[in-house]
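Let me begin by presenting the structure, written as structure tokens, before commenting on it.
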Protein chains: 2
Amino acid sequence: MTFSEQLKADIALIEPALEKYLSRETGEGYDRIFEAAKYSAMAGGKRLRPVIVLEFCRLCGGDIEKALPFACALEMIHTYSLIHDDLPCMDNDDLRRGRPTCHKAFDEATAVLAGDGLLTAAFETASAAKDVPAETIVRCIRILGENAGMNGMIGGQVLDMGAEHRKISLDELRLLQKLKTGCLLRAACELGCAAAGATDEDTLARARAYGEKLGLAFQIEDDILDIEGDAATLGKSIGKDAASEKSTFPSLLGLEECRELAAKLTEEAVDAVKPLDGHAFLVELARSLTGRTR
Amino acid sequence: MTFSEQLKADIALIEPALEKYLSRETGEGYDRIFEAAKYSAMAGGKRLRPVIVLEFCRLCGGDIEKALPFACALEMIHTYSLIHDDLPCMDNDDLRRGRPTCHKAFDEATAVLAGDGLLTAAFETASAAKDVPAETIVRCIRILGENAGMNGMIGGQVLDMGAEHRKISLDELRLLQKLKTGCLLRAACELGCAAAGATDEDTLARARAYGEKLGLAFQIEDDILDIEGDAATLGKSIGKDAASEKSTFPSLLGLEECRELAAKLTEEAVDAVKPLDGHAFLVELARSLTGRTR
């Protein structure tokens, strides 16, 4: 299978599973919350994080079907973070993936609750994984919780809120992005290994390094796209960083140095997984992600 | 030990554990989120849900220290739900337990994130329970997720939002409250049994019945307090239900019938646990809760 066939096959597993986990119609008057959750969760997107979960599971010799609950749980957490991030009291965004954001399509209270619902559903889904040893489930839930929590993604979000309308240092920005974007990408890599029951420390360290490098490269590319991208293609508002005087990698380093840094980090991610058997997909994935502006 | 000594002893276990789980100072600029989470989590309150967890664990012959992570996880979920409930786009409350609500003491974005952080910390804390079999941890996390999720508490919250400014039927109100308040109380009872490794179906059914009856009785009392209570004693705004023309048990049934129903439900809760050895504390607890207005 080529890279893009494999990617398509993974997404073809992930999307129906995700939709199924979020489809629990009750007829009791609160179905609106499942609608709102699915509106955001099924709005497309690259499915990068769940694809990485499946691919690290495969690389570690695991059954990727059994990794699906964890892959979907991570995507639910990613989706909830976008919904809450877009709220008026946070980034106040109207457009996401080419459609009105959740609080625009529904209302603010529903968006808060849909985010809460997706976050809770992530742990519900992970805890209900079938034919997976309980130890593996607990390990996966711990990875999800630690990386999504206050010492992970939420901590990064707090730093991000505190960084608006002021200039921050490159070190501060790196920490912010390491937490805000990096934690879930690193979690994806770890989850895949954990779902396969892998315990080899070298493999785990390489998986984590891949996630961290890729996460940072990916964020730098995102910042570049906010300057050079096209709203119609990206499906989201652009130029917001500059408008809010937000410190970004391009504002601190310049565009040229950003491109070099993203390329360097991508190759470091590639180098981290190269010694592992079955690395081909992950290498192509890394390179495809940071080529978005070229 | 008397009832009140036992209650005090339980709370003396719960509060330091809760504070410890939420104390992870990093020095990295996002400590504010732990502050906000602790501001709300350590603001007093009856600790009803975690106390019930410990007491059902004790009743089932379990080690209550090992139930602490689950008891605290449930209290974190309860606290997050209050923070998000108080937000301007939801109930827009300024006062909670005698102090400014989280979004008033901090800001709206921090309150959203502190709620998200507490919800995530609940699952982190549960998944990190020590000296507890993995099967038990998974079972407890499933109880937490199902009862807090879109088919549980969040579903109830959605119904509650939809019930503002219109008259709803008694059946609708019962369903709403069963989900919104009842699910976490039932979860408390189930969690205690699960933490002790109890699998006896009769005990579990009795525990669930106790939680459901108590949850409804408790909510009816809350509605009565909103009419007859005193803001200073309660530490929260009163008269809000009437002001927002919300359907409540007193508005549908009248005060006198509400008092009778609450008393009847309390006795049904008592009857559910009476056949179980070591029920004395739970019986007194139920009776103490619905005596708040008398």
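Based on what the data block shows, is residue A:82 within 14 Å of chain B (Cβ to nearest Cβ), part of a helix (DSSP H, G or I), modelled with pLDDT of 95 or more and touching a Leu at 6+ places or on another chain (Cβ under 6 Å)?
So residue A:82 does not fit the description; no.
Kindly indicate the residue of segment A:126-157 that is facing chain B (nearest Cβ under 8 Å) and surrounded by fewer than 24 Cβ atoms within 10 Å (Cβ to Cβ) and also nearest to residue A:81 (Cα to Cα) among those meeting that condition.
If we take residues in segment A:126-157 being facing chain B (nearest Cβ under 8 Å) and surrounded by fewer than 24 Cβ atoms within 10 Å (Cβ to Cβ), then A:156 is nearest to residue A:81 (Cα to Cα).
From the list B:197, B:215, which residue is under 25 Å from residue B:259 (Cβ atoms) and not β-branched (Val, Ile, Thr)?
Being under 25 Å from residue B:259 (Cβ atoms) and not β-branched (Val, Ile, Thr) holds for just one of B:197, B:215, which is B:215.
Kindly establish whether residue A:115 is surrounded by 23 or more Cβ atoms within 10 Å (Cβ to Cβ) and facing chain B (nearest Cβ under 7 Å).
Criteria not met by residue A:115.
Scan segment A:146-157 and give yes if some residue there is part of a helix (DSSP H, G or I), farther than 17 Å from residue A:192 by Cβ and among the acidic types (Asp, Glu), otherwise no.
no
Considering only residues that are of a type in the set (Gly, Ala, Ser) and outside any helix (DSSP H, G or I), look in segment A:158-196 and name the one that is farthest from the other protein chains (Cβ to nearest Cβ).
For segment A:158-196, the residue satisfying everything is A:196.
Has segment A:61-69 got any residue that is of a type in the set (Val, Ile, Thr) and buried (at least 22 other Cβ atoms within 10 Å of the Cβ)?
no
Go through the residues of segment A:22-33 one by one and say whether even a single one is over 17 Å from residue A:186 (Cβ atoms), surrounded by fewer than 24 Cβ atoms within 10 Å (Cβ to Cβ) and touching a strand residue (DSSP E or B) at 6+ places or on another chain (Cβ under 7 Å).
no
Considering only segment A:1-78, give the helices (runs of 4 or more DSSP H) lying wholly within it that have at least 3 residues that are more than 14 Å from chain B (Cβ to nearest Cβ), within 18 Å of residue A:207 (Cβ to Cβ) and modelled with pLDDT of 95 or more.
Hits in segment A:1-78: A:48-59.
Taking segment A:143-168, which residues are more than 14 Å from residue B:123 (Cβ to Cβ) and under 17 Å from the mean Cα position of the chain (by Cα)?
A:155, A:156, A:157, A:160 - these are the residues of segment A:143-168 that are more than 14 Å from residue B:123 (Cβ to Cβ) and under 17 Å from the mean Cα position of the chain (by Cα).
When you check residue A:238 against the structure, is it assigned to a helix (DSSP H, G or I), among the hydrophobic types (A, V, I, L, M, F, W, C) and at pLDDT below 95, yes or no?
Judged against the criteria, residue A:238 is not a match.
Residue pairs, Cβ under 6 Å, 6 or more apart or interchain, first in segment B:182-202 and at negative phi and crowded, with 21+ Cβ neighbours inside 10 Å, second in a helix (DSSP H, G or I) and among the hydroxyl-bearing types (Ser, Thr, Tyr). List them.
These pairs meet every condition: B:189/B:210.
Looking at segment B:121-142, I want the residues that are closer than 13 Å to residue A:122 by Cα and have a partner that is outside any helix (DSSP H, G or I) with Cβ atoms under 9 Å, at least 6 apart or on another chain. Which pairs are those?
As it stands, the answer is B:123/A:149; B:124/A:149; B:124/A:150; B:124/A:151; B:142/A:128, since those pairs meet every condition given.
Scan segment B:93-112 for residues that are crowded, with 21+ Cβ neighbours inside 10 Å and out of contact with any His (no Cβ under 7 Å at 6 or more places or on another chain) and report the count.
6
The values are calculated or read from the model by the stated rules, or taken from the named source; none is laboratory data. Quick caveat: nothing in here was measured; it's all calculated off a predicted structure. Because the Cβ atoms are built from the backbone with ideal geometry, glycine has one as well, and the counts that use them run over all protein chains shown.
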